[in-house]
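Notes follow once the structure below has been shown.
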Amino acid sequence: MIEINNITFEYNGLKAIDNISIKIEKGESIAIIGPNGSGKSTFLKILNALIFPSSGDYIFNGEKITPSSMNNQIFSKKFHKKIGFVFQNSDSQLFCSSVYDEIAFGPRQMGLSEIDVKRRCEDCLRLLNIEDLKDRVPFNLSGGEKKRVAIACVLSSNPEVIVLDEPMNGLDPRTKRFFRELLIKLNQSGKTVICATHDFEYVKDVFKRAIVFSKNHRIIRDDHYDKVINDSVFLFENNII
Amino acid sequence: MDWLFKEDDYVPVKDNSRYLGKNIFIFSEIISKIINGVNLRQSNSILSANPLMRFILLISTIILLSLSTKVTFVLLTDVLIVFTVLAIVKNNHILKAAFTFASFTLIMLIPSILNGNKLNAIIIVLKVFGDICSVSILTSTTPWNDIIKVLKFFLVPDIFIFVLENTLRFIYLLSNISFETLCALKLRSIGKNNKKYTNMSSIIGNMFLKSKNMSEEMYYAMECRGFTGEYEIKTRFHFSIADLLFATLIVVVFIFYFTMGR
């Protein structure tokens, strides 16, 4: 589904990602692990075609993702429909005047009837347990509520791949447990889940695979999640725990 | 909930959303310019010099260029400025910009040239070229916050400098948030958006509320740290070997002026 071949990303002569290659199959659940500044967020931005690698290839569903291919509006919209991104800072992701409008943004653009849009919105509100926030202004919500709304917005477009950048950051334990259950549920329903995380305590049994970035912006390990997480010497040496 | 567990058979319709790409590009330009400015000091030992010297060089060059009526002085100062640009700035965008502005000035002066004021027209074009280069040297070799701090030397009140510094900081922070929000809008624009203007105005409204909250939080943080309305800025400009280069240039420009510029 996703194929990354020898990609490097440089900014102002500094490497943020150095020659990495990954293959991700449909339905996988992957944790992206690494110390601060190792290139995790840059990698997620490349996956979402927000930035493009300086060298190497990014292939999504057999099609090469390049600046020129993303200039094609139809292709770009189709791509963004298939891959949803939950930003680290939910504040940046929410711009509509009510939570309902925020969640309805994607389905309305897809040209669904208002009945279908309503059904999707209500399902997402129920799934994320935010039905009572429906008419609230996103700006005034708490951090955890904003995160729930941000995830609901992404889910309402029904993407095949869900990319999350540190989704547990700054959330209370109950919300973290809720998100753990949600990620498991989404993955079981066939969604590919790719998630950058530091919060290992709350993501038990969510991920099957872990990709570890080093401070040198390279992949130093690509293994079963449990094996990686139980290798405390490796994690300590690489400034992950 | 069944829709979430099966793939949508969705083919997007054509919709013009290039405005998003353009706006994202503008904000990324602003952010990278500010970041590049901050990184300048580490990139070149000459640029680690006292910004005050560069500021004095700029002011004296502009004043002397505008005072002088002698083409020799203006020409020599321009040559000196070009050599300075070539010595301290890697890319030639400064010269390109100066040539562009000088060319426009030349075009505007064509009627005057046709009336016989050839020498005056040449002097004006050369002055424009020199002034643009001088200002560009300062702006592209000195971080904005250093330029603001230089104002202290000219007895500008500390609180005014503080406000300017924070304005710059907020431009950076809010540009970053705007950039991310526009990226989010782009990622979520998966079909035909009939409410483009509504979305953009919502983003602007949200930015306004965010800036208000951020400034309030900053004010509270300052109060917690003992801020009483008085703000004192300490500038720590030391004289180094690199400063000697700029001091020499200032002296040379003045010698040029008093020997051949008056």
Checklist outcome for this item: Sole miss for residue A:111 among (1) out of contact with any strand residue (DSSP E or B) (no Cβ under 9 Å at 6 or more places or on another chain); (2) closer than 30 Å to residue A:13 by Cβ; (3) within 9 Å of chain B (Cβ to nearest Cβ); (4) not β-branched (Val, Ile, Thr) is condition (2)
Checklist entry - What tally of residues in segment A:34-55 results from selecting those that are outside any helix (DSSP H, G or I) and within 29 Å of residue B:17 (Cβ to Cβ)? => result 9
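Residue under question is residue B:177, and the condition is that it be assigned to a helix (DSSP H, G or I), of a type in the set (Val, Ile, Thr), free of Cβ contacts under 8 Å to residues at least 60 places away in the same chain and within 22 Å of residue B:145 (Cβ to Cβ); does it hold? Lay out the reasoning, then the answer.
Working: assigned to a helix (DSSP H, G or I): yes; of a type in the set (Val, Ile, Thr): yes; free of Cβ contacts under 8 Å to residues at least 60 places away in the same chain: yes; within 22 Å of residue B:145 (Cβ to Cβ): yes.
Against the criterion (assigned to a helix (DSSP H, G or I), of a type in the set (Val, Ile, Thr), free of Cβ contacts under 8 Å to residues at least 60 places away in the same chain and within 22 Å of residue B:145 (Cβ to Cβ)), residue B:177 qualifies.
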Checklist outcome for this item: With criteria (1) closer than 26 Å to residue A:181 by Cα; (2) at pLDDT 85 or above, residue A:216 comes up short on (1)
Checklist entry - Looking only at segment A:135-187, which residues are farther than 30 Å from residue A:60 by Cβ and without any contact (Cβ under 8 Å) to a residue 24 or more places away in the chain? => result A:140, A:142, A:145, A:174
Item to check | helices (runs of 4 or more DSSP H) within segment B:55-153 that include 2 or more residues aromatic (Phe, Trp, Tyr) and within 23 Å of the chain's Cα centre (by Cα) | outcome: B:93-108
Checklist outcome for this item: Within segment B:94-121, residues in contact with a Ser or Thr (Cβ under 8 Å, 6 or more places away or on another chain) and over 19 Å from residue B:137 (Cβ atoms) come out as B:120, B:121
Checklist entry - Of the residues in segment B:181-218, how many are under 15 Å from residue A:104 (Cα atoms) and among the β-branched types (Val, Ile, Thr)? => result 2
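Could you please find all residues in segment A:28-59 being within 14 Å of another protein chain (Cβ to nearest Cβ) and either modelled with pLDDT of 90 or more or out of contact with any Lys or Arg (no Cβ under 9 Å at 6 or more places or on another chain) (or both)? I'd like the intermediate steps shown before the answer.
Looking only at segment A:28-59, we keep the residues that are within 14 Å of another protein chain (Cβ to nearest Cβ), and these are A:41-42, A:44-52.
Listed by number, the residues that qualify are A:41, A:42, A:44, A:45, A:46, A:47, A:48, A:49, A:52.
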Checklist entry - Got a number for residues in segment A:1-33 being more than 21 Å from residue A:61 (Cα to Cα) and part of a loop (DSSP other than H, G, I, E, B)? => result 2
Checklist entry - Restricted to segment B:181-228, and to residues that are within 8 Å of another protein chain (Cβ to nearest Cβ), over 27 Å from the mean Cα position of the chain (by Cα) and part of a helix (DSSP H, G or I), which residue is nearest to residue A:93 (Cα to Cα)? => result B:184
Next on the checklist: Would you confirm whether or not segment A:149-165 contains a residue that is among the charged types (D, E, K, R), more than 10 Å from chain B (Cβ to nearest Cβ) and either closer than 25 Å to residue A:200 by Cα or crowded, with 21+ Cβ neighbours inside 10 Å (or both)?
Outcome noted: yes
Next on the checklist: What are the pairs with Cβ atoms under 7 angstrom where one residue, in segment B:4-25, is under 20 Å from residue A:103 (Cα atoms) and within 8 Å of chain A (Cβ to nearest Cβ) and the other, located anywhere, is assigned to a helix (DSSP H, G or I) and among the β-branched types (Val, Ile, Thr)? Sequence gap at least six, or different chains.
Outcome noted: B:12/A:74
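The values are calculated or read from the model by the stated rules, or taken from the named source; none is laboratory data. Quick caveat, the model's predicted, so the values are computed rather than measured. FYI the Cβ positions are ideal-geometry reconstructions off the backbone, even for glycines, and counts take in every protein chain you see.
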